[in-house]
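Heads up: the structure comes next, in structure tokens.
The values are calculated or read from the model by the stated rules, or taken from the named source; none is laboratory data. All values derive from a computational prediction rather than experimental measurement. Cβ sites come from the backbone with ideal geometry, for glycine too, and all protein chains shown count toward neighbours. Side chains included, ligands, DNA and RNA excluded: accessible areas come from the protein's heavy atoms. Shrake-Rupley method; radii C 1.70, N 1.55, O 1.52, S 1.80 Å.
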Amino acid sequence: MPNSPSGPVPLLQNDAATWLHDSEASRAIEAQALACRPAHALIEAAGLAVARWALAQAPHARHMWVAAGPGNNGGDGLVAARWLAEHGRQVHVTWHGQPDAAPADAAHARAAALAAGIVLHPPGAPPPTPPDLVIDALLGLGQRRPLGGALAAAVNDMAACARRGSRVLAVDVPTGLCADTGRRLGEPCVQAHATLCLLTAKPGLFTAHGRDAAGDIWFDDLGVAAAGGSARLACAADARAALAGRRLAAHASHKGRFGDVLVVGGAPGMEGAAQLAATAALRAGAGRVYVCAVAGAAVPPHAAWPELMHRPWSAVQASALPGSATVVCGCGGGDALGESLPCLLAQAPRLVLDADGLNAVAADAALARALAGRAARGHTTVLTPHPLEAARLLGVASTEVQDDRWAAARELARRFAAVVVLKGAGTVIASPDATAVVNRTGSARLASAGTGDVLAGWIGGCWSAQGTAVSGALSAATGSVWLHGRAVAADAGLPLPASRLAEAMAVRAEALGTPDG
């Protein structure tokens, strides 16, 4: 079997910067590649890449099922089946196309497969016994509606094979998943153990249901160097850049160089949220951190963190906020936080708005206008909503946010002229004037109380330590999100308590300074 032009690389374990291209951009790149290559060369390269990847994924698999769709995604599968058979594997192929309706490349792949002696079974004829390996090559970029008929039956058959031990690999995009948004188009949807993106990496695989549907995500550019896309993956370089304020600081630096962080929150019964955010800000690099309790509450000093300073918000509010202040607001603020927001929105030069702060803005049109007007006054804001908070800010249902997380994050960034961190599976970071970023690190181990408070505090501390850099907000947000996810194992497991998360992030941050970090 000849070598492919470049070879697949894993995108979840690899920290290299990677551009993502939506369906429209991917089709344009494909058209350019087709125009400068001999006829059928691209589909031959794609099918070869799939075959080589399948053998690497399941080197001991002897019996394989290739479910090939009617278009060029199916053509990729047919070329792969030809190579796998030539390599000694027993390959059962089902083809869901019609000879007179197949695109030119798919028709070529079909003819070549038949010439090589491959039997193309009709839809509804899966292998009589579960194979070692299943390759989903049914549908690619063109998926827009729920599956039905023979395609749905094929996906259900794949799921049955998986339950009996078969490994399932998807070509480009798992069938039943939107390549752009990561939304399941309905049921059924392929649940792959791994997915190989061809030519371009697709944004939907990294957020919403994409991560669960795609499994391990691999990428083969087929030797085509595509220009920058509509989004990119966060990477270790983002974390290094975010931490540069501390990592590259001069020896003669003092704590004032790294700024003050004020954590405003900690209403009665929620004091722990403010404490978590404050400790994270301190570990992220802030020079000084103040815990400012609202509504007459008092966040008691923590014996483990005597460095934190405690001031009632009423006392801080009586004087103008210092120009070096970065404010983290909303961590355990409760309903009383709304009284503090007018001052903060008007005065805070740098503001991280989380949780109860976001809910207060969503419920008050005047506060929403004040938030949207901050950029015009030279103030910078980072919003850190989870999907329900984002839905309240946008005035839509949370399902609408989850259906297109990219669009929701970008609309929030535009509407409030802010950097937005839309938390969730595949956290999306957006700003009004920059390419959106999606995070590839993290797991369900972060799904526990307080981890969002830690993230908000870490962003504030990291941002404060950067000084007055123009790109500070986006850099701090992107790097912090990457580090937040990297602090937990990529696989599922018991949750990491929020009280231990900031220290885990600090350990990971220190590792970034080593040659292997």
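Beta carbons closer than 8 Å, at least 6 apart along the sequence or on distinct chains, pair a first residue in segment 344-363 that is touching a residue at least 12 places away in the same chain (Cβ under 8 Å) with a second that is among the aromatic types (Phe, Trp, Tyr) and open to solvent by less than 20 Å² (accessible area, probe 1.4 Å) for Arg350/Trp463; Val352/Trp463.
Counting only strands (runs of 3 or more DSSP E) wholly contained in segment 114-222, the ones carrying 1 or more residues that are within 26 Å of Val438 (Cβ to Cβ), open to solvent by less than 10 Å² (accessible area, probe 1.4 Å) and of a type in the set (Ser, Thr, Tyr) occupy 194-198. Taken over segment 369-380, the criterion of being in contact with a helix residue (DSSP H, G or I) (Cβ under 7 Å, 6 or more places away or on another chain) and either free of Cβ contacts under 8 Å to residues at least 24 places away in the same chain or of a type in the set (Lys, Arg) (or both) is satisfied by Arg374 alone. Scan segment 225-235 and give yes if some residue there is in contact with an Asp or Glu (Cβ under 7 Å, 6 or more places away or on another chain) and either hydrophobic (A, V, I, L, M, F, W, C) or outside any strand (DSSP E or B) (or both), otherwise no. Checked segment 225-235: at least one residue is in contact with an Asp or Glu (Cβ under 7 Å, 6 or more places away or on another chain) and either hydrophobic (A, V, I, L, M, F, W, C) or outside any strand (DSSP E or B) (or both).
None of Ala170, Ala179, Ala137, Ala154 is in contact (Cβ under 8 Å) with a residue 60 or more places away in the chain and under 23 Å from the mean Cα position of the chain (by Cα) except Ala179.
The set of residues in segment 80-94 that are on the phi < 0 side of the Ramachandran plot, surrounded by fewer than 24 Cβ atoms within 10 Å (Cβ to Cβ) and either out of contact with any strand residue (DSSP E or B) (no Cβ under 8 Å at 6 or more places or on another chain) or at pLDDT below 95 (or both) comprises Trp83, Glu86, His87. Of everything listed in (1) under 27 Å from Val361 (Cβ atoms); (2) crowded, with 16+ Cβ neighbours inside 10 Å, the single unmet condition for Gly285 is (1).
Yes/no per residue for (1) open to solvent by 50 Å² or more (accessible area, probe 1.4 Å); (2) charged (D, E, K, R):
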residue: Gly229; (1), (2): no, no
residue: Cys235; (1), (2): no, no
residue: Ser253; (1), (2): no, no
residue: Arg257; (1), (2): yes, yes
residue: Ala277; (1), (2): no, no
residue: Val294; (1), (2): no, no
residue: Pro312; (1), (2): yes, no
residue: Ala315; (1), (2): yes, no
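Number of residues in segment 59-74 that are part of a helix (DSSP H, G or I) and either more than 24 Å from Gln143 (Cβ to Cβ) or open to solvent by 10 Å² or more (accessible area, probe 1.4 Å) (or both): the value is 2. Condition first: over 16 Å from Pro387 (Cα atoms), at pLDDT below 95 and among the charged types (D, E, K, R). Can you find one or more residues in segment 429-440 that meet it? Taking every residue of segment 429-440 in turn, at least one turns out to be over 16 Å from Pro387 (Cα atoms), at pLDDT below 95 and among the charged types (D, E, K, R). Out of Ala35, Ala81, Ala51, Ala104, one residue alone is of a type in the set (Gly, Ala, Ser) and under 17 Å from Trp218 (Cβ atoms). It is Ala51.
Does at least one position in segment 385-404 carry a residue that is under 15 Å from Thr478 (Cβ atoms) and open to solvent by less than 30 Å² (accessible area, probe 1.4 Å)?
Restricting attention to segment 385-404, the residues satisfying the condition of being under 15 Å from Thr478 (Cβ atoms) are none.
No - not one qualifying residue is present in segment 385-404.
Exactly one residue out of Gly97, Gly77 is crowded, with 20+ Cβ neighbours inside 10 Å, in contact with a helix residue (DSSP H, G or I) (Cβ under 8 Å, 6 or more places away or on another chain) and in contact (Cβ under 8 Å) with a residue 60 or more places away in the chain, and it is Gly77.
Among the residues making up segment 337-364, those that are open to solvent by 30 Å² or more (accessible area, probe 1.4 Å) and in a helix (DSSP H, G or I) are Glu339, Pro342, Ala346, Gln347, Asp356, Asn359, Ala362.
Residue-by-condition table, conditions (1) more than 14 Å from the chain's Cα centre (by Cα); (2) in contact (Cβ under 8 Å) with a residue 24 or more places away in the chain:
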position	(1), (2)
His193	yes, yes
Asp212	no, yes
Ala225	yes, no
Ala239	yes, yes
Ala244	yes, yes
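Looking at Ala33, Ala28, Ala45, Ala56, just one residue is of a type in the set (A, V, I, L, M), outside any loop (DSSP other than H, G, I, E, B) and touching a Gly at 6+ places or on another chain (Cβ under 8 Å), and that residue is Ala45.
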